[in-house]
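See structure below.
The values are calculated or read from the model by the stated rules, or taken from the named source; none is laboratory data. What you see is a predicted model, and the numbers here were worked out from it, not measured in a lab. Glycine also receives a Cβ, built like all others from the backbone with ideal geometry; neighbour counts cover every protein chain displayed. Side chains are part of the model used for accessible areas, which takes the heavy atoms of the whole protein and leaves out ligands, DNA and RNA. Shrake-Rupley method; radii C 1.70, N 1.55, O 1.52, S 1.80 Å.
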Amino acid sequence: LSCAEVCDGGGVYKYGLNKCGELEKIAYLPCSKPMYAVISDERLHILLRSPFIANGNSGYFSCKTDFSDCSEIQNTLGECACHLAVDKDAYIVNYLSGNLVKNCETVVSHSGAGVNLPRQDMPHTHFAAFSPDKKYVLCCDLGLDTIFIYDRDLNERSRAKVPDGYGVRHLVFSKNGKFIYAVNELVPSISVFAYSNGNAEYLSTTKLDCKNKNSTAAAIRLDENRLYVSVRGENELYAYNADNADLLFYGRFPCGGAGPRDFDLIGDYVVCTNENSDNVTVIGKNDDRVVNELPMKNPLNVVR
């Protein structure tokens, strides 16, 4: 499933991916400026950039994965909702409002600023995810260089920082749940934390070797023990072998477009949404070769 952020022709597209890496369109759900989507309990949960005439707040709704049974659009209580995590409850981050919202009802707002101006002039919540046991919700704040950890009622449990000015964006847990790998956007890098029972301890940060000084990292995914990170400006995916707290560079390969905002790992392939070149690419994991390309206006996010 891929989201395209445009008013005319924008929406969520559903494709089948076969063993040869070929994409076949199955269905389409028109909606205005979808920002991010996840699947939980056989339902697709979707964020919309600004569906309300009265204000600039974002919207949230859900439907079945065949695009039927759409719910009413709810107000996310903030602007530019860009990520969410759903497990019975929906936890949404509003980037421009710097808050984390549960079920479009309960709000926790961050305060402060970072050192990397103007990108860190205020809090910018960018990502939400559950701990492996689903007891806690982790929130990356790019503006504050901080990972906040809350219980499911949004009471703060703990927090941990990446280096000042790095701008933490997304994270994944190791397979054993004992480590967190966080990608930093403003200084492209991966920070590693030890994790236990709602607490994260900062361990180290590995900078990505970038040729373009204006490059920014975006998404991070884990496939068994291999980490993948997308880097805009370089327009490549970087791969590292992860052995608990230790990272070993494996390689880098083109994303098949420009501005790889998000990607997912599906079988033998990496499916990458390239926002600036208006295409979705299917890349073979084994030979790093683009095997298929799908034109799409401003693709932002892919979910399987």
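If I filter the range 146-158 for residues that are under 19 Å from Val229 (Cβ atoms), within 20 Å of the chain's Cα centre (by Cα) and in contact (Cβ under 8 Å) with a residue 24 or more places away in the chain, do I get at least one hit? Please lay out each step first, then the result.
Pass one, the range 146-158, residues under 19 Å from Val229 (Cβ atoms): 147.
Next cut, within 20 Å of the chain's Cα centre (by Cα) only: 147.
Applying the additional criterion that residues be in contact (Cβ under 8 Å) with a residue 24 or more places away in the chain yields 147.
Checked the range 146-158: at least one residue is under 19 Å from Val229 (Cβ atoms), within 20 Å of the chain's Cα centre (by Cα) and in contact (Cβ under 8 Å) with a residue 24 or more places away in the chain.
Listed by position, the strands (runs of 3 or more DSSP E) contained in the range 166-221 that have at least 1 residues being surrounded by fewer than 19 Cβ atoms within 10 Å (Cβ to Cβ) are 168-173, 189-196, 199-207. For the range 149-159, filtered to residues that are open to solvent by 10 Å² or more (accessible area, probe 1.4 Å) and in contact with a strand residue (DSSP E or B) (Cβ under 7 Å, 6 or more places away or on another chain), the residue that is nearest to Cys210 (Cα to Cα) is Arg159.
For the criterion of being of a type in the set (D, E, K, R), open to solvent by less than 50 Å² (accessible area, probe 1.4 Å), in contact (Cβ under 8 Å) with a residue 40 or more places away in the chain and more than 29 Å from Val12 (Cβ to Cβ), Asp141 fails.
Consider the range 229-239 and keep the residues that are open to solvent by 10 Å² or more (accessible area, probe 1.4 Å) and under 18 Å from the mean Cα position of the chain (by Cα). The one that is farthest from Ile266 (Cα to Cα) is Gly233. For the range 240-281, the candidate set comprises residues that are in a strand (DSSP E or B), acidic (Asp, Glu) and under 18 Å from the mean Cα position of the chain (by Cα); within that set, the residue that is surrounded by the most Cβ atoms within 10 Å (Cβ to Cβ) is Asp262.
For the range 24-48, residues that are in a loop (DSSP other than H, G, I, E, B) and open to solvent by 80 Å² or more (accessible area, probe 1.4 Å) total 2. Screening the range 105-116 for residues that are in contact with a Gly (Cβ under 9 Å, 6 or more places away or on another chain) and in a loop (DSSP other than H, G, I, E, B) and picking the one that is surrounded by the fewest Cβ atoms within 10 Å (Cβ to Cβ) gives Ser111.
Residue pairs whose Cβ atoms lie under 7 Å apart, sitting 6 or more positions apart in sequence or on different chains, and linking a residue in the range 87-101 that is over 16 Å from Ile73 (Cα atoms) and part of a strand (DSSP E or B) to a partner that is among the basic types (Lys, Arg) and open to solvent by 10 Å² or more (accessible area, probe 1.4 Å), are Asp87/Lys134.
Among the listed residues Cys63, Cys80, which satisfies the condition of being surrounded by 17 or more Cβ atoms within 10 Å (Cβ to Cβ), at negative phi and of a type in the set (A, V, I, L, M, F, W, C)? Please lay out each step first, then the result.
Values: Cys80 fails: at negative phi.
Selected residue: Cys63, the only one of Cys63, Cys80 that is surrounded by 17 or more Cβ atoms within 10 Å (Cβ to Cβ), at negative phi and of a type in the set (A, V, I, L, M, F, W, C).
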